[in-house]
1. Out of the residues in segment B:23-42 meeting the condition of being surrounded by fewer than 17 Cβ atoms within 10 Å (Cβ to Cβ) and of a type in the set (A, V, I, L, M), tell me which one is nearest to A:L54 (Cα to Cα).
2. Report those strands (runs of 3 or more DSSP E) wholly inside chain A carrying at least 3 residues which are touching a residue at least 60 places away in the same chain (Cβ under 8 Å), surrounded by fewer than 16 Cβ atoms within 10 Å (Cβ to Cβ) and more than 10 Å from chain B (Cβ to nearest Cβ).
3. Loosely packed, with under 15 Cβ neighbours inside 10 Å, free of Cβ contacts under 8 Å to residues at least 40 places away in the same chain and out of contact with any Pro (no Cβ under 9 Å at 6 or more places or on another chain): is that true of B:A20 in this structure?
4. Could you list, in sequence order, the residues of segment B:50-68 that are surrounded by 10 or more Cβ atoms within 10 Å (Cβ to Cβ) and closer than 19 Å to B:F110 by Cα?
5. Given the residues A:G76, A:G88, which is the only one that is in contact with an Asp or Glu (Cβ under 9 Å, 6 or more places away or on another chain), over 23 Å from B:A40 (Cα atoms) and not aromatic (F, W, Y)?
6. Looking only at segment B:10-41, how many residues end up being closer than 30 Å to B:A79 by Cα and not hydrophobic (A, V, I, L, M, F, W, C)?
7. Could you please give the count of residues in segment A:10-62 that are touching a strand residue (DSSP E or B) at 6+ places or on another chain (Cβ under 7 Å), of a type outside the set (A, V, I, L, M, F, W, C), more than 14 Å from B:T13 (Cα to Cα) and modelled with pLDDT of 90 or more?
8. Looking at (1) modelled with pLDDT of 95 or more; (2) within 9 Å of chain A (Cβ to nearest Cβ), which is the one condition that is false for B:L11?
Amino acid sequence: MEDHLPWLTTTAVAYLNLDIAVSGPRTALAGTGEIHTIALDMMKKVLFPEEYNLGPTLYDSWYDRNEGVVPPLGSGSDYAAFSQNGIGAVSIISP
Amino acid sequence: MTNFGDPGFKLHTVMGQFVALLAYHLADDTLIPFDMPNAAAVLRAYFAELEDSIEAAEVQLDTAELQAAIDTFAERAAAIDMMARNALASNDSVMLDVVNHKYKSFQRGFVSQGGLPRRPTFKNLLMAPGLDSGT
């Protein structure tokens, strides 16, 4: 990533990180402040499979675990190179 | 996956849909869909946590400058949000370009080339892994 830093820092809008995006029915999301709203809004648009009884949307399945709080990014995944160089990121992990 | 993690791969479909929607809006919207007032709210939340930590540690630390900086940020965030809404409503392409450019480079503003004290590889002044947690 550092090899492409000049290009990335001038062009990138955001970095979407998926790290074991599915390992079960509960989604975990972390991200920089400016991107929370659009990420949560898009979760509200996706229907969750009925059989898990966590829905109706992906947002509902996420909300009651997290009470609507999106934690900050640390350095636990590939997004670190991006967030440490000032490129906003969202990280999606399934716990 | 097929038997335990995600029978029918339905959760994979859900994640695919979510990521696709998010990527689509970030890439294609006339106005980059960032929420600056929310970024300010997040900073305030971090600051509140910092104050709690300071109180719990029972040390004296003057956080007035930081508080003032966050207040200024919140003001500017509200202002650019208003500017963005106006630009979108009036379809002013010059204004939209200006706002998009600022939104795109938003997070760069928090990078300090010198990095954090004794940790030069961590350059984002807002977020870094814990000192001894590794993440």
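The values are calculated or read from the model by the stated rules, or taken from the named source; none is laboratory data. Being a predicted model, the structure only gives us computed values, none of them experimental. Here the Cβ positions follow ideal geometry from the backbone for every residue, glycine too, while neighbour counts run over all protein chains shown.
1. Step by step, filter segment B:23-42, then rank; the result is B:A23.
2. Working: elements: A:15-19, A:28-31, A:89-93.
Strands (runs of 3 or more DSSP E) meeting the threshold: none at all.
3. Numbers: loosely packed, with under 15 Cβ neighbours inside 10 Å: yes; free of Cβ contacts under 8 Å to residues at least 40 places away in the same chain: yes; out of contact with any Pro (no Cβ under 9 Å at 6 or more places or on another chain): yes.
Yes: the conditions hold for B:A20.
4. Residues of segment B:50-68 surrounded by 10 or more Cβ atoms within 10 Å (Cβ to Cβ): B:50-55, B:61, B:63, B:66-68.
Listed by number, the residues that qualify are B:L50, B:T63, B:L66, B:Q67, B:A68.
5. Numbers: A:G88 fails: over 23 Å from B:A40 (Cα atoms).
A:G76 is the lone residue from the list that is in contact with an Asp or Glu (Cβ under 9 Å, 6 or more places away or on another chain), over 23 Å from B:A40 (Cα atoms) and not aromatic (F, W, Y).
6. 9
7. So the count comes out to 6.
8. With respect to (1) modelled with pLDDT of 95 or more; (2) within 9 Å of chain A (Cβ to nearest Cβ), B:L11 is out only on (1).
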